[in-house]
Amino acid sequence: MNTPGPAAGDWSAAGTVVPAEHCPAWGRLGVVHAFAARQPGVEVTVERAAAVERLGPAHAALRAELGLAGRGFCSAEQVHGADVSMVTGPEPACYAGVDSLVTASERVCLGIYTADCCAVFFVDPLRRVIALAHAGAKGTRLGVVPATLRCMQEQFGCESADIRAVLSPCIRPPHYEWDFASEIRRQLADAGVGSITDSGICTGAAAERYYSYRMEKGRTGRMLALLALA
């Protein structure tokens, strides 16, 4: 099956002071979203927790620029699995044991950290439901993307044809042995998702713009995908 790939204009700079990117077409879907890129001047050749902490001020500044400072920031533990959590309240939290978050609350901002894995953005603009998934090679094989779609469908009655999905920059061949972004697109297409956009960008090939776990041998920062209802 042929699946959609990148097209000109699908992915670009977000126009924020904090370096970030986005999918311009999503500005018409009633959501706020961004993908925080490499942050200049922040030393991140440390372990993950320390790197995320050091990047915290820049990421908080980006949320403020996007008008999300008053929202509860909710993230996932990201264990390279396929479990999904519902986010119902505004309290900031890191949801243990999951790699995907789904919400219909306008009081929260979802966040997923990546450094070669893919952040998959989902929105059903008709039912006002959003989701954000962390999908690396293992999570893709385990089915985190189909699990996210099932959660949207079972909990909110979402129809696949109404759902829009975007794939963030992630590592791809020849810098990685498997094109899991292509598999994510296939899974989305097989599920009947109405619109699939892939940034088409390889994090391993653009170290000046992104953090890459593989290319920097594990001691690097993290990009941050952000998604909220407008």
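No lab work stands behind these numbers, since they all come straight from the coordinates. In this text the structure is predicted, and so the values were computed from the model without any measurement. Here Cβ is always computed from backbone atoms with ideal geometry, including for glycine, and neighbour counts include all displayed protein chains.
Results, tabulated for the structure shown:
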| quantity | calculated |
| --- | --- |
| Rounded FRET efficiency, nearest 0.05, which uses the C-beta distance separating ALA60 from THR88 and R0 of 41 Å | 0.95 |
| Value of [θ]222 nm, deg cm²/dmol, for the chain, DSSP H segments ≥ 4, -39500 (n - 2.57) each, nearest 500 | -6500 deg cm²/dmol |
| Among beta bridges that DSSP assigns inside the chain, antiparallel share in %, nearest 5 | 65 |
| Whole-number percent relative contact order across the chain, with pairs defined as alpha carbons under 8 Å at least 6 apart | 26 |
| Cysteines (scope the chain) whose Cβ has no counterpart Cys Cβ under 4.7 Å | CYS23, CYS74, CYS94, CYS109, CYS117, CYS151, CYS158, CYS202 |
| Among 92-105, 217-230, the order from most to least packed when residues are scored by Cβ within 10 Å on average | 217-230, 92-105 |
| In the stretch 147-209, chymotrypsin sites (Phe, Trp or Tyr not before Pro) in a DSSP loop with at most 15 other beta-carbon atoms within 10 Å | TRP178 |
| Whether the chain is rounded, prolate or oblate, judged on the alpha carbon gyration tensor where a/c under 1.5 counts as rounded | rounded |
| Magnitude of the charge dipole, the chain, Cβ model with Lys/Arg +1 and Asp/Glu -1, debye to 20 | 180 |
| Order of TYR113, TYR210 under a 10 Å beta carbon neighbour criterion, fewest first | TYR113, TYR210 |
| Pair PHE156, ARG141: separation of 7 Å Cα→Cβ label points (nm) | 3.1 |
| Residue (of ALA36, ALA137, THR114) at the positive-pole extreme of the chain, dipole from beta-carbon charges | ALA36 |
| Global form of the stretch 28-141, assessed from the alpha-carbon gyration tensor, a/c cut-off 1.5 | oblate |
| Gained length - VAL42 relative to GLU183, 0.36 nm times residue gap less alpha-carbon distance | 47.4 nm |
| Simple Cβ-charge dipole of the stretch 5-66, Lys/Arg +1 and Asp/Glu -1, about Cα centre, in debye nearest 20 | 100 |
| Virtual spin-label span in nm between ARG219 and HIS80, 7 Å along Cα→Cβ | 2.0 |
| Rounded Å value of the spacing that divides the Cα centres of the stretch 41-60 and the stretch 171-208 | 26 |
